[in-house]
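So that we are looking at the same thing, I have put the structure below in structure tokens.
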Amino acid sequence: MIALMIVLSLLKPDTIPTVDEVIVRAKREPIAALSGVKVITDTTLKHAKSPDEILKNLAGLYVSYSGKMGADLIIHGFDTREISILVDGIPVSFPYDGTFDISQLPVSDLSAIKIYKGVGADLFGPNAMGGAVNFVTLSPFSGVKTVSFGVGRNLDKFASLTYSFVGSKIGVLLSAGYARSDGFYLSSKFSPAENEDGGVRDNSWYKKGHLRLKIGYNSGRLGNFYVNAGFINNSRGVPTRTFGRPRYWKFPIWQEKLLKFSHEYIGERLMVRSNLYYDGFYNVLKAYRDPDFTVLKWSSTYDDYTIGTNFYVDSRNLSMAAGLKKDVHRERGDSNEPWNEVKGLNGSLGLNAQTPFHGVTFAYGTSFNFLKTYAQESRTLTAINPSFGVTGELSSVIWKFSVAIRSRFPTLKELYSSRMGRYYPNPDLHAERSLNLSLGFSKKIANFTTELNFFDSELKDMIDRVKVDSLYQMQNINRARYSGAELSAKNGFINLEYTLMRARNLSNDRKFDELEYRPEHKLNFGVSIPFVYGVKLHGELNFVGKRYYIDRDSLKSLPPYTVFNLSFSRSIGRAKLDFYVDNLFDANYESEAGYPMPGRYYRFNITVNLD
């Protein structure tokens, strides 16, 4: 570290960064283009209650909603376990099962969301088969000073405060937020079902609170140093399926605690960023025997944490990243049962380079990843993931092609969980593998920025459950293929995002060709126009095509749905007023079978700039 600081002190620094993130600079646009990076700014984020409301509208992305899982992000067919989810460059997936409910993240302290779908995913650690998503929080040097209040249907309440103090060398950011809902209203077109009678969705309540403190120090030649401490304290009900055997569950405690130390330097010839972090999760899931939640059945507790470090180095045409983290899962199946513990050590080393040659640029890279588990028997899994891409410009059309091998290690849950006596553990599982191809074009047409991308991924050794005697076991048995295209076009007023995808089961012993909850068609169309008296009007149409699912060994499907959203905003002095109507025409639809989505929902919000 001392030697690195000496080297940095000899280099001429650029302007000190104002965003606490890994930055792709303009001089490295070829790698940025090949990585398929999509940047969502804070202007868009402020219109959402949670990040999933933004991500689900983007081409190539889909969010599926269920009960316990919450919001499951899917990129080009790959689900959350196969995507690297990061906050300010550190992985945040649950150590035990590799999932993460992105709807639990607050948006009030986010400055951007970056989505990577291509070659650049080499640099984001293991399990980035479908790419990576980095949620970037506000910098302590941002100077943001805002307070916001809101109210929604069923008297939902929202409040947040973001306050940044910037001195000559030190920046401090305090961010806090609170949200509460007694549940959402179902559509008036919903027909009473076996486990749901309509009106306010049973057990759909939530409470959310967060507090974040970030301190930055501008040292001059050595760059910026940061301390970041965050706490999320949520609780929520888990709505049961509307049919079948009901589950009366709730999370009275859903907590995340983060402590991170980081350093960032940006110079003319070198960029360096490093993190040392602790990320802890404490969740309590309670199950009841009755819909009134009076007779407790069991109370399960997860007490997990991750401790790790990573760094990123970018020197003109070469980028390198490395990371090491230890995952610890402690579980108690009920309040009177003993604690069980499993551990895993993840490591990664990634390298990307680019070479210009006669008007085109070649990008190539590889990553080495390993997983070492500590349970009844220690075991080490490894994977090498090479990638190659090329990009150029022809007749004002920018084109790009990439090919990459990706992998996902089995989770600790897949390896060692008996799932309350219903499964045989399988510590002999190995990594899932995929071959990802992409071909893309982008061009400025009139005043529209347009992009067309084709993608094709073939997966093998997919982990799925198999019937063994009277129980189940997770095994590497499946093969699948995700292929399709995505189109986006936008200018200052119109935004179009369309995805065509075919998800096919290629397993030898398959009963059906279709895979669950992967819509073939998805469309988002938005229009923003100036209205009367300084009001800005934004209208949005969301269409999701038919989705298949398997119910008791039978293939079924959910019908397509279309949702219209409308919003009005107006600035008055330092205040900004927003009024939103989601699901304007009160459509009755389901994201997953048995989980109806909210009907018409309206909310009012006021944001005041305190500066």
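The values are calculated or read from the model by the stated rules, or taken from the named source; none is laboratory data. Since we're looking at a predicted model, the values are computed, not measured. Cβ sites come from the backbone with ideal geometry, for glycine too, and all protein chains shown count toward neighbours. When the accessible area is computed, the model is the full protein with side chains, heavy atoms only, and any ligands, DNA or RNA have been set aside. Shrake-Rupley method; radii C 1.70, N 1.55, O 1.52, S 1.80 Å.
Which of the following residues is without any contact (Cβ under 8 Å) to a residue 40 or more places away in the chain, in contact with an Asp or Glu (Cβ under 8 Å, 6 or more places away or on another chain) and either part of a loop (DSSP other than H, G, I, E, B) or not small (G, A, S) (or both): L429, L435?
Working: L429 fails: without any contact (Cβ under 8 Å) to a residue 40 or more places away in the chain.
Result of the check over L429, L435: L435.
Moving to a separate point now. Keeping to the range 560-585, report how many residues are under 20 Å from M597 (Cα atoms) and in contact (Cβ under 8 Å) with a residue 24 or more places away in the chain.
Going residue by residue through the range 560-585, those that are under 20 Å from M597 (Cα atoms) are 560-567, 580-585.
Right, trim to in contact (Cβ under 8 Å) with a residue 24 or more places away in the chain and you get 560-567, 580, 583.
Residues meeting the conditions: 10.
Something else: With the requirement that a residue be open to solvent by 10 Å² or more (accessible area, probe 1.4 Å), of a type outside the set (G, A, S) and not in a helix (DSSP H, G or I), what does the range 81-94 give you?
Passing the criteria: V87, P91, F94.
Please determine, by comparing only the residues of the range 262-295 that are touching a residue at least 40 places away in the same chain (Cβ under 8 Å) and outside any strand (DSSP E or B), which one is most open to solvent (accessible area, probe 1.4 Å). Don't jump to the end; show me each part of the working.
Applying the first criterion (touching a residue at least 40 places away in the same chain (Cβ under 8 Å)) to the range 262-295 yields 262-273, 275, 277, 279, 281, 285, 287-291, 293.
If we keep only those that are outside any strand (DSSP E or B) as well, we get 268-270, 289-291, 293.
Working: E268: 77, R269: 126, L270: 29, R289: 153, D290: 26, P291: 83, F293: 50 Å².
The qualifying residue most open to solvent (accessible area, probe 1.4 Å) is R289.
So, one more: Quick one: G545 ticks every box in (1) free of Cβ contacts under 8 Å to residues at least 40 places away in the same chain; (2) open to solvent by 40 Å² or more (accessible area, probe 1.4 Å) except a single one, so which number is it?
(2)
Still on this structure, please answer the following. Only one of I23, I31, I6 is in a helix (DSSP H, G or I), at pLDDT below 80 and within 25 Å of G347 (Cα to Cα). Can you tell me which?
It is I31.
Any residue that is farther than 23 Å from G323 by Cα and open to solvent by 10 Å² or more (accessible area, probe 1.4 Å) - is there at least one of those in the range 109-124? Let's see the steps before the verdict.
Initially, the range 109-124 is screened for residues farther than 23 Å from G323 by Cα, giving 109-111.
Pick out the ones that are also open to solvent by 10 Å² or more (accessible area, probe 1.4 Å) and you get 111.
Yes, the range 109-124 contains at least one residue that is farther than 23 Å from G323 by Cα and open to solvent by 10 Å² or more (accessible area, probe 1.4 Å).
Tally time: how many residues in the range 125-142 are within 18 Å of A322 (Cβ to Cβ) and open to solvent by 10 Å² or more (accessible area, probe 1.4 Å)? Walk me through it before giving the result.
Within the range 125-142, the first condition is being within 18 Å of A322 (Cβ to Cβ), and the residues that meet it are 125-128, 132, 134.
This time we only want the ones that are open to solvent by 10 Å² or more (accessible area, probe 1.4 Å), so: 125-127.
Residues that pass the stated criteria total 3.
Report yes if some residue within the range 338-357 is among the aliphatic types (A, V, I, L, M), open to solvent by 40 Å² or more (accessible area, probe 1.4 Å) and over 30 Å from L452 (Cβ atoms); otherwise report no.
Restricting attention to the range 338-357, the residues satisfying the condition of being among the aliphatic types (A, V, I, L, M) are 342, 345, 349, 351, 353.
Adding the requirement that they be open to solvent by 40 Å² or more (accessible area, probe 1.4 Å) leaves 345, 349, 351.
Add one more test, that the residue is over 30 Å from L452 (Cβ atoms), and what stays is 345, 349.
Checked against the condition, which is being among the aliphatic types (A, V, I, L, M), open to solvent by 40 Å² or more (accessible area, probe 1.4 Å) and over 30 Å from L452 (Cβ atoms), the range 338-357 yields at least one hit.
From the list F448, F388, F454, F441, which residue is farther than 20 Å from N127 by Cβ, open to solvent by 50 Å² or more (accessible area, probe 1.4 Å) and within 24 Å of the chain's Cα centre (by Cα)? Let's see the steps before the verdict.
Numbers: F448 fails: within 24 Å of the chain's Cα centre (by Cα); F388 fails: within 24 Å of the chain's Cα centre (by Cα); F441 fails: within 24 Å of the chain's Cα centre (by Cα).
Testing whether each residue is farther than 20 Å from N127 by Cβ, open to solvent by 50 Å² or more (accessible area, probe 1.4 Å) and within 24 Å of the chain's Cα centre (by Cα) leaves just F454.
Considering (1) closer than 27 Å to G70 by Cβ; (2) open to solvent by 40 Å² or more (accessible area, probe 1.4 Å); (3) out of contact with any helix residue (DSSP H, G or I) (no Cβ under 7 Å at 6 or more places or on another chain), say which one V166 fails and leave the rest.
(1)
Of the residues S378, S407, which single one is open to solvent by 60 Å² or more (accessible area, probe 1.4 Å), among the small types (G, A, S) and out of contact with any His (no Cβ under 7 Å at 6 or more places or on another chain)?
Numbers: S407 fails: open to solvent by 60 Å² or more (accessible area, probe 1.4 Å).
Just one listed residue meets the conditions, S378.
With the checklist (1) open to solvent by 40 Å² or more (accessible area, probe 1.4 Å); (2) out of contact with any Gly (no Cβ under 8 Å at 6 or more places or on another chain) in hand, flag the one item K208 doesn't pass.
(2)
Mind counting the residues in the range 169-180 that are surrounded by fewer than 21 Cβ atoms within 10 Å (Cβ to Cβ) and assigned to a strand (DSSP E or B)?
The total comes to 7.
Let me ask you something else. Filter the range 49-80 for residues that are of a type in the set (D, E, K, R) and open to solvent by less than 10 Å² (accessible area, probe 1.4 Å) and give the result.
Step one: of the range 49-80, the residues of a type in the set (D, E, K, R) are 49, 52-53, 56, 68, 72, 79.
Selection gives D52 alone.
Among the residues in the range 373-392, are any in contact with a Pro (Cβ under 8 Å, 6 or more places away or on another chain) and under 30 Å from G440 (Cα atoms)?
Yes, that holds for at least one residue.
Mind checking which pairs have a first residue in the range 373-401 that is in contact (Cβ under 8 Å) with a residue 24 or more places away in the chain and over 17 Å from F455 (Cβ atoms) and a second that is assigned to a loop (DSSP other than H, G, I, E, B) and of a type outside the set (S, T, Y), Cβ under 6 Å, 6 or more apart or different chains?
Going by the 6 Å Cβ cut-off, the qualifying pairs are L381/F409; L381/A431; A383/A431; G392/G359.
In contact with a strand residue (DSSP E or B) (Cβ under 6 Å, 6 or more places away or on another chain) and in contact (Cβ under 8 Å) with a residue 40 or more places away in the chain, is that true of F78? First the steps, then the outcome.
Details: in contact with a strand residue (DSSP E or B) (Cβ under 6 Å, 6 or more places away or on another chain): no; in contact (Cβ under 8 Å) with a residue 40 or more places away in the chain: yes.
No.
Among (1) at pLDDT 95 or above; (2) over 27 Å from F231 (Cβ atoms); (3) of a type in the set (G, A, S), where does A287 come up short?
Exception for A287: condition (2).
Go through the range 224-257 and give me each residue that's surrounded by fewer than 20 Cβ atoms within 10 Å (Cβ to Cβ) and within 18 Å of L138 (Cβ to Cβ).
Once the filter is applied, which keeps residues that are surrounded by fewer than 20 Cβ atoms within 10 Å (Cβ to Cβ) and within 18 Å of L138 (Cβ to Cβ), the range 224-257 yields F225, V227, A229, F231, I232.
May I pose another question? Return the residues of the range 562-611 that are assigned to a strand (DSSP E or B), among the hydroxyl-bearing types (S, T, Y), out of contact with any Gly (no Cβ under 9 Å at 6 or more places or on another chain) and within 17 Å of A71 (Cβ to Cβ); say none if nothing qualifies.
S591
In the range 410-426, how many are in a helix (DSSP H, G or I) and under 27 Å from A503 (Cα atoms)? Steps first, answer last, please.
Filtering the range 410-426 down to residues in a helix (DSSP H, G or I) leaves 412-416.
Next, from what is left, pick out any that are under 27 Å from A503 (Cα atoms): 412-415.
Qualifying residue count, the range 410-426: 4.
Could we say that R221 is basic (K, R), open to solvent by 50 Å² or more (accessible area, probe 1.4 Å) and touching a helix residue (DSSP H, G or I) at 6+ places or on another chain (Cβ under 6 Å) here? It would help to see each step written out before you state the result.
Details: basic (K, R): yes; open to solvent by 50 Å² or more (accessible area, probe 1.4 Å): yes; touching a helix residue (DSSP H, G or I) at 6+ places or on another chain (Cβ under 6 Å): yes.
For R221, the condition - basic (K, R), open to solvent by 50 Å² or more (accessible area, probe 1.4 Å) and touching a helix residue (DSSP H, G or I) at 6+ places or on another chain (Cβ under 6 Å) - is met.
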